[in-house]
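Chemist: Quick one: the structure is below, and I'll ask about it shortly.
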Amino acid sequence: MKSPLLTLPGAVPAEGVDEGVAAHYGDLFREQRALADGTGFVDLSHRGVVTVTGDDRLAWLHLLLTQHVSDLPAGRATEALILSANGHIEHALYLVDDGATVWAHVEPGTQEALIAYLESMKFFYRVEVADRTGDIAVVHLPAGSIAEVPEGAVVRETPYGRDLFLPRADLEAYAEQAGPPAGILAHEALRVEQHRPRLGFETDHRTIPHELGWIGSAVHLQKGCYRGQETVARVQNLGRPPRRLVFLHLDGSEVHLPVAGTELRLAEDGPDGRRIGFITTSARHHELGPVALALVKRNVPVDAPLVAGDTAAAQEVVVEP
């Protein structure tokens, strides 16, 4: 879904999964600094929006999601996953309940598969699931923002900022008074700095929550009764995940940034060494320089220098080995 804000001055369209919104508006580092200072907004109107209504909505979602939501207070933001039977991550939901409706935004293009799964699990529960992507847009305000929130907008408040669910028809009018726009690349650079995983970026077909540090924030360990829970409990109680998320400081003298999928090796083994992981997201940060998130084998020493392709990389622990 193409955002009308792509007509703003300097807007350069994003590509790939984030197609439909602006990658940047002409100055990536200025946009990052604005977000870090709590000003401006990010157009996330390409993300899917799903709602669940009905008296049983929280009790029903509690049975399906990795998060404890049966008693979720109105207005409290949370995030949750849907796992496969083998415990692999299939969906990530960023949600809030407004007292009558659960609102969730999800990765672009994933809402149809998510809704199909939810519909298949309704049984006798009094719930209604709807795809609201066509009429509701998501806008992100950074932490510390004093931008006005339109009356009636649903707000999802987190330590990283506020996600607003706005009528899509109001998006252009809101942008005029919300401060300078920042593109998705600035938003992603701060996400990498904050070590926050993203579905489809830090995940592949075999990713389990422990590998990405999603235990606690998206997975509640004191609840069962959801698909994939056996794997979560087994890894938590009996073992360690096969891989772990790391934050990388990349050699700033390199002109090219290693892209997602770039193989990682131990520096001491050289370019012909065995593959021990791969880049998941890379970014140029306004203060830290080139940085990345990556998945590496659990047994890689935490202080071992790495190379991403031809680029030297120093690790910072995100998930303990």
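The values are calculated or read from the model by the stated rules, or taken from the named source; none is laboratory data. Predicted, not measured: the structure shown is a model, and the values here were computed from it. Cβ placement follows ideal geometry from the backbone for every residue including glycine, while neighbour counts extend to all protein chains displayed. When the accessible area is computed, the model is the full protein with side chains, heavy atoms only, and any ligands, DNA or RNA have been set aside. Shrake-Rupley method; radii C 1.70, N 1.55, O 1.52, S 1.80 Å.
Chemist: Considering only the range 169-180, I want to know if a residue exists there that is within 23 Å of the chain's Cα centre (by Cα) and surrounded by fewer than 17 Cβ atoms within 10 Å (Cβ to Cβ).
Modeler: Yes, because at least one residue in the range 169-180 is within 23 Å of the chain's Cα centre (by Cα) and surrounded by fewer than 17 Cβ atoms within 10 Å (Cβ to Cβ).
Chemist: Out of all the residues in the range 116-130, is one or more acidic (D, E) and either in a loop (DSSP other than H, G, I, E, B) or touching a Cys at 6+ places or on another chain (Cβ under 7 Å) (or both)?
Modeler: Checked against the condition, which is being acidic (D, E) and either in a loop (DSSP other than H, G, I, E, B) or touching a Cys at 6+ places or on another chain (Cβ under 7 Å) (or both), the range 116-130 yields no hits at all.
Chemist: Additional query: Tell me the residue from R162, R156 that is within 18 Å of A104 (Cβ to Cβ), touching a residue at least 24 places away in the same chain (Cβ under 8 Å) and charged (D, E, K, R), please.
Modeler: R156
Chemist: Would you point out the residue of the range 301-318, among those that are of a type outside the set (D, E, K, R) and over 25 Å from the mean Cα position of the chain (by Cα), that is surrounded by the fewest Cβ atoms within 10 Å (Cβ to Cβ)?
Modeler: P301
Chemist: Would you please list the contacts, defined by Cβ atoms under 7 Å and residues six or more apart or on different chains, that run from a residue in the range 296-315 that is free of Cβ contacts under 8 Å to residues at least 60 places away in the same chain and on the phi < 0 side of the Ramachandran plot to a residue that is assigned to a loop (DSSP other than H, G, I, E, B) and basic (K, R)?
Modeler: Qualifying pairs under 7 Å: R298/R240.
Chemist: Taking the residues in the range 19-57 that are closer than 25 Å to S84 by Cα and not basic (K, R) as candidates, determine which candidate is most open to solvent (accessible area, probe 1.4 Å).
Modeler: Out of the qualifying residues, it is T53.
Chemist: Do any residues in the range 14-32 that are charged (D, E, K, R) have Cβ atoms under 9 Å from those of residues that are open to solvent by 60 Å² or more (accessible area, probe 1.4 Å) and part of a strand (DSSP E or B), where the two are at least six apart or on different chains, and which pairs are they?
Modeler: E19/P13
Chemist: Show the residue pairs that are 6+ apart or on different chains and have beta-carbon atoms under 6 Å apart, the first residue being within the range 130-148 and among the β-branched types (V, I, T), the second being assigned to a loop (DSSP other than H, G, I, E, B).
Modeler: V138/L44; V138/R47
Chemist: Could you give every pair whose Cβ atoms fall below 8 Å, whose first residue belongs to the range 219-242 and is under 17 Å from I82 (Cα atoms), and whose second residue is open to solvent by 80 Å² or more (accessible area, probe 1.4 Å), counting only separations of at least 6 or pairs across chains?
Modeler: Within 8 Å, the pairs are L221/Q236; G228/N86; T231/N86.
Chemist: I want to confirm something. Restricting to the range 123-146 and keeping residues that are open to solvent by 20 Å² or more (accessible area, probe 1.4 Å) and touching a Phe, Trp or Tyr at 6+ places or on another chain (Cβ under 7 Å), which single residue is farthest from V52 (Cα to Cα)?
Modeler: Checked the range 123-146; the qualifying residue farthest from V52 (Cα to Cα) is A143.
Chemist: Name the pairs: first residue in the range 58-75 and surrounded by 15 or more Cβ atoms within 10 Å (Cβ to Cβ), second residue part of a helix (DSSP H, G or I), Cβ to Cβ under 6 Å, at least 6 apart or on different chains?
Modeler: Between residues of the range 58-75 that are surrounded by 15 or more Cβ atoms within 10 Å (Cβ to Cβ) and residues that are part of a helix (DSSP H, G or I), the close pairs are V69/L58; V69/L61; V69/H62; L72/L58.
Chemist: Would you please list the contacts, defined by Cβ atoms under 6 Å and residues six or more apart or on different chains, that run from a residue in the range 267-284 that is closer than 14 Å to Q315 by Cα to a residue that is charged (D, E, K, R) and modelled with pLDDT under 95?
Modeler: Once the first residue is closer than 14 Å to Q315 by Cα and sits in the range 267-284, no partner that is charged (D, E, K, R) and modelled with pLDDT under 95 comes close enough.
Chemist: Across the range 86-135, what is the number of residues that are among the hydroxyl-bearing types (S, T, Y) and under 16 Å from D56 (Cα atoms)?
Modeler: Number satisfying all stated conditions: 3.
Chemist: Restricting to the range 103-117, what's the tally of residues that are surrounded by fewer than 20 Cβ atoms within 10 Å (Cβ to Cβ) and either at negative phi or in contact with a Phe, Trp or Tyr (Cβ under 8 Å, 6 or more places away or on another chain) (or both)?
Modeler: Number of matching residues: 6.
Chemist: Only one of (1) under 12 Å from the mean Cα position of the chain (by Cα); (2) hydrophobic (A, V, I, L, M, F, W, C); (3) more than 14 Å from V50 (Cβ to Cβ) is not met by A85, so which one is it?
Modeler: (1)
Chemist: Could I ask something else about it? Kindly indicate which of E128, E15, E90, E31 is among the acidic types (D, E) and farther than 25 Å from R196 by Cβ.
Modeler: Result of the check over E128, E15, E90, E31: E128.
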